[in-house]
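The values are calculated or read from the model by the stated rules, or taken from the named source; none is laboratory data. These numbers come from a predicted model, not from an experiment. Positions of Cβ are backbone-derived with ideal geometry, glycine not excepted, and every protein chain shown enters the neighbour counts.
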Amino acid sequence: MVVWLERRAGRIANIRIAVGPGGPVPFRASATEKALNGKPLTAEAVSAALDVLLQEARFRTSPQRASAEYRKHIVGGLFKDTLETAWTRAVSDR
């Protein structure tokens, strides 16, 4: 998972999210980006965006790899951690 963002006045001004571990191919989570753009990074905003992401992703079960439920669980944790890291690293808060 990759999250890139810009901060302005304590809000997410621009964001890009790419997800790899969820489905058959990596995808850009554009609906999740829209859910976060223009909002401050609060627990409520992250929770709402995670709901959007989990609906947007097409999780699959693989007999050789992980189940859809496990992938969903992992993506949820990765999303929160990666988003918080991107927020912290985007220090140019204008």
Worksheet entry | Residue count, the range 18-50 (criterion: β-branched (Val, Ile, Thr), under 16 Å from residue 88 (Cα atoms) and in contact with a helix residue (DSSP H, G or I) (Cβ under 7 Å, 6 or more places away or on another chain)) | 1
Worksheet item: How about the range 2-18: which of its residues are within 14 Å of residue 86 (Cβ to Cβ) and either surrounded by fewer than 13 Cβ atoms within 10 Å (Cβ to Cβ) or within 14 Å of the chain's Cα centre (by Cα) (or both)?
Response: 2, 3, 4, 5, 12, 14, 15, 16, 17, 18
Practice prompt. Go through the range 55-94 and count every residue that is modelled with pLDDT under 85, touching a Ser or Thr at 6+ places or on another chain (Cβ under 8 Å) and surrounded by 14 or more Cβ atoms within 10 Å (Cβ to Cβ).
Written response: 1
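I'd like the full set of residues that are closer than 27 Å to residue 24 by Cα and of a type in the set (S, T, N, Q), limited to the range 34-62.
37, 47, 55, 61, 62
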Worksheet entry | All positions within the range 30-45 that are of a type in the set (Val, Ile, Thr) and buried (at least 18 other Cβ atoms within 10 Å of the Cβ) | 32
